[in-house]
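Each value in this text was obtained by applying a stated rule to the coordinates, not by laboratory testing. Worth saying up front: this structure is predicted, and the values here are computed from it rather than measured. Here the Cβ positions follow ideal geometry from the backbone for every residue, glycine too, while neighbour counts run over all protein chains shown.
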Amino acid sequence: MLILPTISCVEEFAAWPRADADRRGSTIRCYTYPLITSSLPKRLPLDRGLAVEAMTLFMRIESEVREARADWNQDRFRRLMRLRPRAVARLRRRWKRLNPTPQVPLGSLRRHYHANLSCYLYESNP
């Protein structure tokens, strides 16, 4: 799980020296506040850590596939879809090795697609 610090941005207004009352400058200052935790995060066992890595990789690829599809970037979409089966195989392999086995099954990770993203959206003119 990715933990991000809190960011607070404040816009400050200041009058410029020797300027009309209408001319004002503004500055945006951002401050970060780190998260304060009472205890250090526990380390996962090696098999669970590897499964988390595989799941994170798979989820990132899925997110990128959705973004490439929304951008109509066919080259990027094809490259991601060629990469996806290896990430799925890695996730299945690491999920299978978990001891004790998770109570939630992994489920089907299949995805059907056609290389041409727009093949079903437009009518073909013979």
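Some observations on this one:
- Region 46-96, relative contact order in percent, only Cα pairs under 8 angstrom and at least six apart counted: 53 percent
- Distance in nm between pseudo-label sites at Arg111 and Gln74 (7 Å out along the Cβ direction from Cα): 1.9 nm
- Note on Glu62 and Phe13: with the Förster distance fixed at 35 Å, the Cβ-Cβ geometry gives a FRET efficiency of about 0.20.
- Local electrostatic count, Ile28, Cβ distance below 11 Å [Lys/Arg +1, Asp/Glu -1]: -1
- Calculated SAXS-style log₁₀ I(q)/I(0) at q = 0.15, 0.21 Å⁻¹ - region 46-96, Debye, Cα scatterers: -0.42, -0.68
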